[in-house]
Amino acid sequence: MLHFTFLLALSLFISCSQSNFDKTLSQFDSELDFNGIYTLESFNTNPIIVLGKDVEGNKIKIKLIGKSKGKEDDYKKAQEVLNLFRSQYSSNVLPYPGQVTLISSCESILLPQLVTDNNMIIYKFFSNDRLGLCICSDEKVKYFQYTFFLKTQKGLLFAVDLFLLKNNNKNELKSYLKNLNLDKMLISPKLEL
């Protein structure tokens, strides 16, 4: 009986935390619903950022980037997000005294990439276990980070970062996105990387 009570309490806790991710998004009038796929890990209200995790260890970060003022403005806001990411990959002179001879940069295989499929345009980055970008060492890459942009019917713009585990081959981007059913909200600006 004690074992059954523990399992019942555990399943209630899990279902509550899964719905908390979707409830948190609905508090911000986001119109986004992931049908309990993600449990809530954290959220911030200024700026609005919600972080969730699925049962396999993949993560999702949703950030409100503004209210839509038209297609051109949407693309401009999306470009600003990408510019922030891109700035982390610029070549840097290493801070050593004397003559500068070493420059730090990533191998081309670990630089941001553009992923296109039909009308979907998604940006691929490489992240570590703390979801940090500019991981220029393949051993430190834990997640493939896929960034794309959504616009809801109410005109809210979101940057969505999917963090799919690097070592989990069954998590192909196309099938993962199909399960999320976000294609009607996806805006696909081909922006400068």
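Figures for the structure shown
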read-out: Where a residue in the range 167-184 is closer than 11 Å to residue 144 by Cα and its partner, wherever it lies, is among the aliphatic types (A, V, I, L, M) and at pLDDT 75 or above, with Cβ under 6 Å and at least six apart; value: 171/164
read-out: Top-ranked residue in the range 103-123 [being loosely packed, with under 10 Cβ neighbours inside 10 Å and part of a loop (DSSP other than H, G, I, E, B); ranked as modelled with the highest pLDDT]; value: 107
read-out: The range 134-151: number of residues that are at pLDDT 85 or above and either among the aliphatic types (A, V, I, L, M) or surrounded by 15 or more Cβ atoms within 10 Å (Cβ to Cβ) (or both); value: 11
read-out: Number of the condition not met by residue 22 [criteria: (1) part of a loop (DSSP other than H, G, I, E, B); (2) within 20 Å of residue 183 (Cβ to Cβ)]; value: (1)
read-out: Count of the range 90-102 residues which are at pLDDT below 65 and of a type in the set (S, T, N, Q); value: 3
read-out: Matching entry among 22, 29 (being of a type in the set (Asp, Glu), more than 20 Å from residue 125 (Cβ to Cβ) and surrounded by fewer than 16 Cβ atoms within 10 Å (Cβ to Cβ)); value: 29
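The values are calculated or read from the model by the stated rules, or taken from the named source; none is laboratory data. This is a predicted model, so every value here is computed, not measured. So basically every Cβ, Gly included, is an ideal-geometry build from the backbone, and we count neighbours across all protein chains shown.
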